[in-house]
1. With the requirement that a residue be assigned to a loop (DSSP other than H, G, I, E, B), touching a residue at least 60 places away in the same chain (Cβ under 8 Å) and closer than 30 Å to residue A:268 by Cβ, what does the stretch A:2-44 give you?
2. Take the residues in the stretch A:367-390 that are without any contact (Cβ under 8 Å) to a residue 24 or more places away in the chain and touching a helix residue (DSSP H, G or I) at 6+ places or on another chain (Cβ under 8 Å), then tell me which one is nearest to the other protein chains (Cβ to nearest Cβ).
3. Among (1) in a loop (DSSP other than H, G, I, E, B); (2) modelled with pLDDT of 95 or more, which single condition is residue A:389 missing?
4. Can you report the number of residues in the stretch A:125-140 which are surrounded by fewer than 23 Cβ atoms within 10 Å (Cβ to Cβ), part of a loop (DSSP other than H, G, I, E, B) and touching a residue at least 12 places away in the same chain (Cβ under 8 Å)?
5. Which ranges mark the helices (runs of 4 or more DSSP H) fully within the stretch A:250-360 that have 3 or more residues being surrounded by fewer than 19 Cβ atoms within 10 Å (Cβ to Cβ) and either free of Cβ contacts under 8 Å to residues at least 24 places away in the same chain or away from chain B (no Cβ under 14 Å) (or both)?
6. Could you look through the stretch A:142-192, keep only residues that are out of contact with any strand residue (DSSP E or B) (no Cβ under 8 Å at 6 or more places or on another chain) and free of Cβ contacts under 8 Å to residues at least 60 places away in the same chain, and pick out the one that is farthest from residue A:262 (Cα to Cα)?
7. Does the stretch B:73-102 hold any residues that are part of a helix (DSSP H, G or I), within 14 Å of another protein chain (Cβ to nearest Cβ) and more than 13 Å from residue A:377 (Cβ to Cβ), and which are they?
8. Looking at the stretch A:12-35, is at least one residue over 20 Å from the mean Cα position of the chain (by Cα) and under 30 Å from residue A:120 (Cβ atoms)?
């Protein structure tokens, strides 16, 4: 990170906490053993993996034996969806998800469609929520799985996964939740929730990239998607990346929502108060049911790509970093009813552990100056440039 | 999206962004847009003695569109009307390294300048 860059893109990824770095370095220096080996070095590595699994499990309210380590939430999402649907035999299996899921769920759903799975994409409401009743209406007798994210990565809107999970339980349908954005912001109690599969990641909570986990509730059967070993209960073959797993464990120990969420929401709200000085600015997503770290705002009359370019001292994004190379407008914002122009005039700000109040105030001032400059250069622009009259 | 240094320079220096004063002698203006490409461009030119003395632009669009509109305005100033009419925005903006999927925006910039001549001709009829 440059000395002069204000980093407000924690929903994309986060800097690795020094305590996490220290734990990982210690492991890299001294514990190279293969956790599957029976000798002393292997047993030590195995103990580190077990300890990290216990730490992750404690943070998400699950039993350690119900967590599988993966390379990240994308792999966890793939394993959950493909693992359930590729086990189905006979009738054409059916998956229900929403139009505003992360690309790693939507692209997996499309890959499954190509394999013959039927997929129903539930519409989102204009406030960014997914109405459980829409999910209920989409269920069929052949529905095998529902996949709905917990916290939307672009708007921060929290979905009612307990209600959706409950109706899935009533209908005997498995329920998968992508919780990549939840840890450290919301308390999770997976063992008590009507959730069968839950994807987790380390790098959104100041842990390393390249490691995540999938929670698999008791009696939930999956088909492995990687073959070549019995690691992770035979569901995820491959030598465990001990140092990555150790990093995830330490990151999850540190990611206490009771400590972090109030500070994050105060920073986010301060940022919004400052941004409100910009005429016409508006928030996207239900303000009363959002995770603490995300603010998505639209600046009508300004092209978002130009705004981001003008903000070279402030790291923000248009939406998901996983879709940043696409010229398409955010599927989440258009899925909430925004026009392509307004969606493209939007920015996602996300604060994190190392964000300061001074930074959000400075960032808001820089955004205001950039918006003003770009609007001045388009003073006579037609109404469609501001998202109206389209 | 990566942007080159020339794009950054022209995007950052919007000296010619804005409008010319109403009633300025020899003032012509024209604009063009493409909603699919999400670009709108407007030029105001002052023509005196067959020369473009001043060029001002307004633009809504991506950094390449903004930089290209700025670069073309700079290029237009001091050109003869005949030269300006023959504007090849892709050639003028070569140093901006506009990616192929955005070249349509350069066409809209040419259209906006061409609209100046069309509107002038219509006004002279």
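The values are calculated or read from the model by the stated rules, or taken from the named source; none is laboratory data. Just so it is clear, the structure is predicted and the values come from calculations on it, not from any experiment. We place every Cβ from the backbone using ideal geometry, glycine too, and count neighbours over all the protein chains shown.
1. A:4, A:5, A:8, A:10, A:11, A:12, A:13, A:14, A:15, A:16, A:17
2. A:377
3. That leaves (2) as the condition not met.
4. Residues meeting the conditions: 6.
5. A:257-275
6. Here the answer is A:172.
7. Within the stretch B:73-102, B:96, B:100, B:101, B:102 qualify.
8. Taking every residue of the stretch A:12-35 in turn, none turns out to be over 20 Å from the mean Cα position of the chain (by Cα) and under 30 Å from residue A:120 (Cβ atoms).
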